[in-house]
Amino acid sequence: MQKIRVEIQNRDWAEAELLQNNLDSSAGNTIKFPVWHIKAYGCLSFLNKIAELKEFLKNNTVENFKLNDDQEHSNLLLKKLVLSMQSKYQLPYLEDEICHCRHIKTHTCENSALAGNLSLKSIGATCSAGITCGSCKPDLESLIDYIKNNHATK
Ligand code: FES
């Protein structure tokens, strides 16, 4: 079954495992929703958001969970988790290394952005990406924009 892990390294993490995937409206009058087992570790804000998600999923599907554009780290990580559960999380830059001058991994910059570093300046300060030739800046900007903006479900 599907298992997903999201994390901000050395900080917050969550794992979601799809235990049962049947959405069955024919079982008497009871609609069964997909069953997710979710565990998490981190700050109170993140754990509260995970608790809200778990409560929601008792009577709904993850596709109906409403995300918002709050840019606080716990919300950014929650959005990554929910979009991953929906099979919709897809960074715009797919190569392993995003900054070739400094050999900085895409994952490292993603991790920094999820932690709340949502500008080129703060990504440069935390990851050393984009601070030499600058040719990776467009890719870094698109990565930051994706984590900041794209997640509000309709
Ligand atoms: S490729 Fe990132 S600064 Fe040159």
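What the table shows:
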| read-out | value |
| --- | --- |
| Difference of contour (0.36 nm per residue) and Cα-Cα distance, ALA51 to LYS105 | 16.3 nm |
| Computed lengthening from CYS133 to GLU17, 0.36 nm per intervening residue step minus Cα-Cα distance | 37.6 nm |
| Magnitude of the charge dipole, region 97-149, Cβ model with Lys/Arg +1 and Asp/Glu -1, debye to 20 | 140 debye |
| Inter-label distance, nm, simple model (7 Å from Cα along the C-beta direction), LEU67/GLN9 | 2.2 nm |
| Over the chain: helical MRE at 222 nm, DSSP H runs n ≥ 4 each giving -39500 (n - 2.57), nearest 500 | -11500 deg cm²/dmol |
| Sorted peptide list for 104-112, 87-95, criterion being average Cβ within 10 angstrom, highest first | 104-112, 87-95 |
| Note, ³J(HN,Hα) from phi for region 40-52, Karplus 6.51, -1.76, 1.60, rounded to Hz, x at Gly and Pro | 8, 9, x, 6, 4, 4, 5, 5, 5, 5, 5, 4, 4 |
| Likely footprinting exposure, LEU47, LEU19, LEU140, LEU53, fewest C-beta neighbours within 10 Å first | LEU19, LEU47, LEU53, LEU140 |
| Rg [Å, one decimal], Dmax [Å, integer] - region 39-118, C-alpha atoms | 14.4, 49 |
| Charge dipole (the chain, unit charges on Cβ, about Cα centre) - positive-most of TYR93, GLY116, VAL35 | VAL35 |
| For region 97-149: rounded, prolate or oblate by the Cα gyration tensor [a/c cutoff 1.5] | prolate |
| Prolate/oblate/rounded label for region 3-85 (Cα gyration tensor, a/c 1.5) | prolate |
| Gyration tensor (Cα) of the chain, equivalent ellipsoid semi-axes in angstrom | 33, 15, 13 |
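No value in this document is a laboratory result; all are computed from the given coordinates. Remember, it's a predicted structure, so these values are computed and weren't measured experimentally. With ideal geometry, Cβ positions are generated from the backbone for all residues, glycine too; neighbour counts draw on all protein chains shown.
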